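Novice: Have a look at the structure that comes next, please.
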Amino acid sequence: MGLSDKSVMELEDVALKEKKKSKKEQLPWDVVQISRHPNRPILQDYLSRVFDNFIEFHGDRFFSDDKAMIGGFARIGNQKVMLIGHNKGKNTVENIERNFGMAKPDGYRKALRLMKLAERFNVPIVTFIDTPGAFPGLEAEERGQAEAIAKNLTEMASIEVPIVCLVIGEGGSGGALGIGVGDRILMLSNSIYSVISPEGCASILWRDAKFAPDAAAAMNITAKALHHHGVIDEIIKEPGEGAHSDYETTARDVKEAIIKNLKSLSRLSNEELIQKRFEKYSGIGKFSI
Amino acid sequence: MAWYTEPTVEKKTTQKKLWVKCKKCNSHIYESEWIENLNVCPNCNYHGSITSYERINLIFDENSFVELFDNISPKDSLKFNDLKGSYKDKYETAIKKTGISESVVTGYGKINGIPAVVAVMDFRFLGGSLGSGTGEKILQASNYAYDNNLPYIVFSASGGARMQEGALSLMQMAKTCAGVARLNKKNIPYISVLTNPTTGGVSASFAMMGDVNIAEPGALIAFAGRRVIEQTIGEKLPDDFQTSEYLQDHGFVDSIVDRKDMKNYLSNILSYYNR
């Protein structure tokens with residue numbers, strides 16, 4: 001109605017600029033929401049799109065088979081790997097069965113058993129991190145949640161095959177780190193990695209969980225901030241509004257990034273690998289001298 | 001992960017005499033008696049907190065302790081601010097208050113004549129939280145033990161990872177464990193002594209990884225907080241849940257040793273190290 005093509009184009013231009021601007025001003029709390037989006041792809045979604053021929057192995061040989069943590073041999077392109085990851089669900093039934101991706105000591109012990117199996121077969125390890133945290137429950141404490149995680153951190157420092165870790169959603173504290181020590185740490189651009197949940201931090205330091213957005217900003221939990229601080233090595237940019245808006249493109253980029261990193265790590269001898277991993281972790285942290 | 005922030009012992013000043021109220025049995029004890037008894041309640045054997053240097057004096061032979069890496073202190077690399085102000089103000093206050101520059105004191109010395117490297121955490125310094133500087137010192141001390149083939153002992157007293165350093169503090173769990181892994185590889189003994197409290201990210205890293213895990217009586221040793229667990233499972237937990245004794249019952253602690261016996265107990269274990 002009287003709008004010329006030119007002014008339509010101008011309006012579109014303005015709209016695009018506004019969109020870009022609002023994207024740039026994305027707050028850490030917005031990222032938290034995307035990382036927890038109900039349609040965000042979970043390990044199961046990547047299993048079919050990134051990997052072939054998944055052979056799942058069950059059980060920790062101590063107590064149970066924790067369904068919050070799964071693992072087994074798989075192929076990615078031409079490469080054979082041991083895939084291990086937190087196993088969230090998409091609906092209530094799945095989430096209850098998988099305990100919302102919160103592993104018990106049994107899950108961490110299963111993960112370690114499979115890492116040792118990878119070492120035995122001399123195949124690299126790929127871990128997918130996506131958990132609100134390790135399960136905080138009676139039986140988890142009873143069976144040694146702290147010991148199970150500590151053991152993984154210690155063993156992963158000296159496992160003699162390459163380890164590539166990828167945070168696909170929530171990197172919740174020690175529960176994430178329990179399968180998160182490796183030679184390359186990657187993050188999807190809308191995933192988070194944090195020492196404590198923003199809600200938990202807010203309820204302690206702000207005395208009220210409703211300050212979670214402030215805590216999220218203060219703790220530097222986004223991929224970009226963590227890359228800046230040297231905690232992670234690479235960010236995989238998500239398409240469109242986030243990984244949930246385009247599974248195929250996300251999976252393709254994830255696959256490419258993993259293959260690329262495995263390839264560069266394959267050039268290192270075992271000794272070099274362990275030495276470099278030790279140096280990598282020795283160098284993380286900022287303090288005054 | 002640093003959810004444990006409550007002070008355990010209340011010191012009260014009255015007009016003339018100074019006395020201490022035991023947090024566990026509520027009895028009032030003269031401060032002189034409290035100190036003479038190594039900050040342990042003479043009534044119920046509750047082990048109150050002690051400073052790093054007090055512990056070092058208890059464990060090491062006179063004049064044998066040499067401090068290392070005391071030039072390391074925190075840094076506010078995230079410019080962290082919460083309701084009560086900046087992280088920088090908090091650690092500067094802690095440095096002034098405690099006279100130490102991080103939440104752990106590291107060095108080497110002799111225990112009944114046996115040389116060992118040690119890291120002793122101090123709960124007064126930001127709740128003994130694990131920051132980048134803490135992790136660095138604990139790693140450097142383990143490297144010193146590695147290079148000199150000396151046994152390594154860590155006394156933990158910590159609420160967990162230091163939230164004000166975000167994921168950098170989380171990564172100190174991996175960093176300190178990488179140091180433990182190297183000691184394991186070289187067959188150098190690592191003894192972990194868990195004192196009240198050892199929780200969150202510290203229990204889930206180096207503190208649980210001792211070749212021998214020793215605990216002081218009645219210490220709180222936990223991964224997740226009691227309140228969080230009670231909310232998760234919707235029921236009350238037993239009183240002894242997450243204590244040294246509970247951990248020993250469940251197979252995670254080798255022995256529970258009174259503070260007054262700790263020195264001789266450690267030197268007895270170390271005397272078996274044939275190298």
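The values are calculated or read from the model by the stated rules, or taken from the named source; none is laboratory data. All figures in this text were calculated on a predicted structure; none of them were measured in a lab. Here Cβ is always computed from backbone atoms with ideal geometry, including for glycine, and neighbour counts include all displayed protein chains.
Novice: Quick check, is residue B:170 part of a loop (DSSP other than H, G, I, E, B), among the aliphatic types (A, V, I, L, M) and either surrounded by 22 or more Cβ atoms within 10 Å (Cβ to Cβ) or more than 8 Å from every other protein chain (Cβ to nearest Cβ) (or both)?
Specialist: no
Novice: Same structure again: Select, from A:73, A:62, A:128, the only residue that is more than 23 Å from residue A:258 (Cα to Cα), of a type in the set (Phe, Trp, Tyr) and touching a residue at least 24 places away in the same chain (Cβ under 8 Å).
Specialist: After applying the criteria, what remains is A:62.
Novice: Residues A:274, A:232, A:259: which one is hydrophobic (A, V, I, L, M, F, W, C), surrounded by 14 or more Cβ atoms within 10 Å (Cβ to Cβ) and over 21 Å from residue B:174 (Cα atoms)?
Specialist: A:259
Novice: Taking the criterion of being β-branched (Val, Ile, Thr) and crowded, with 24+ Cβ neighbours inside 10 Å, would at least one residue in the stretch A:203-224 satisfy it?
Specialist: The answer is yes; a qualifying residue exists.
Novice: Could you list, in sequence order, the residues of the stretch B:123-167 that are more than 7 Å from chain A (Cβ to nearest Cβ), free of Cβ contacts under 8 Å to residues at least 12 places away in the same chain and of a type in the set (A, V, I, L, M, F, W, C)?
Specialist: Scanning the stretch B:123-167 gives no hits.
Novice: Let me ask something else about it. Could you check residue A:101 against (1) buried (at least 24 other Cβ atoms within 10 Å of the Cβ); (2) touching a helix residue (DSSP H, G or I) at 6+ places or on another chain (Cβ under 6 Å) and say which number it fails?
Specialist: The number of the failed condition is (2).
Novice: Report yes if residue B:183 is surrounded by fewer than 24 Cβ atoms within 10 Å (Cβ to Cβ) and either among the charged types (D, E, K, R) or farther than 24 Å from residue A:273 by Cβ (or both), otherwise no.
Specialist: No.
Novice: When the stretch A:231-279 is examined, which residues are found to be closer than 30 Å to residue A:30 by Cα, of a type in the set (Lys, Arg) and assigned to a helix (DSSP H, G or I)?
Specialist: Once the filter is applied, which keeps residues that are closer than 30 Å to residue A:30 by Cα, of a type in the set (Lys, Arg) and assigned to a helix (DSSP H, G or I), the stretch A:231-279 yields A:252, A:255, A:260.
Novice: Right, here's the next one. Return the pairs, sorted by first residue and then second, in which the second residue is among the acidic types (Asp, Glu) and at pLDDT 95 or above, the first residue lies in the stretch B:87-112 and is farther than 18 Å from residue B:155 by Cα, the beta carbons are less than 7 Å apart, and the residues are 6+ apart or on different chains.
Specialist: These pairs meet every condition: B:87/B:76; B:88/B:76.
Novice: Shifting gears a bit: Examine the stretch A:212-223 for a residue that is in a helix (DSSP H, G or I) and of a type in the set (Ser, Thr, Tyr), and state whether such a residue exists.
Specialist: no
Novice: Going by the conditions given, is residue B:136 touching a strand residue (DSSP E or B) at 6+ places or on another chain (Cβ under 7 Å), among the acidic types (Asp, Glu) and not in a helix (DSSP H, G or I)?
Specialist: Spelling it out, it is not the case that residue B:136 is touching a strand residue (DSSP E or B) at 6+ places or on another chain (Cβ under 7 Å), among the acidic types (Asp, Glu) and not in a helix (DSSP H, G or I).
Novice: Out of the residues in the stretch B:59-86 that are within 15 Å of residue B:120 (Cβ to Cβ) and of a type in the set (D, E, K, R), state the one that is farthest from the other protein chains (Cβ to nearest Cβ).
Specialist: In this case the residue turns out to be B:67.
Novice: What single numbered condition from (1) surrounded by 15 or more Cβ atoms within 10 Å (Cβ to Cβ); (2) in a helix (DSSP H, G or I); (3) at pLDDT 95 or above fails to hold for residue A:187?
Specialist: Of everything listed in (1) surrounded by 15 or more Cβ atoms within 10 Å (Cβ to Cβ); (2) in a helix (DSSP H, G or I); (3) at pLDDT 95 or above, residue A:187 misses just condition (2).
Novice: Going through the stretch A:30-54 one residue at a time, which ones are surrounded by fewer than 17 Cβ atoms within 10 Å (Cβ to Cβ) and either touching a His at 6+ places or on another chain (Cβ under 7 Å) or under 22 Å from residue A:104 (Cα atoms) (or both)?
Specialist: Correct list: A:36, A:37, A:39, A:44.
Novice: Does residue B:67 count as more than 15 Å from the chain's Cα centre (by Cα), part of a loop (DSSP other than H, G, I, E, B) and under 19 Å from residue B:153 (Cα atoms)?
Specialist: no
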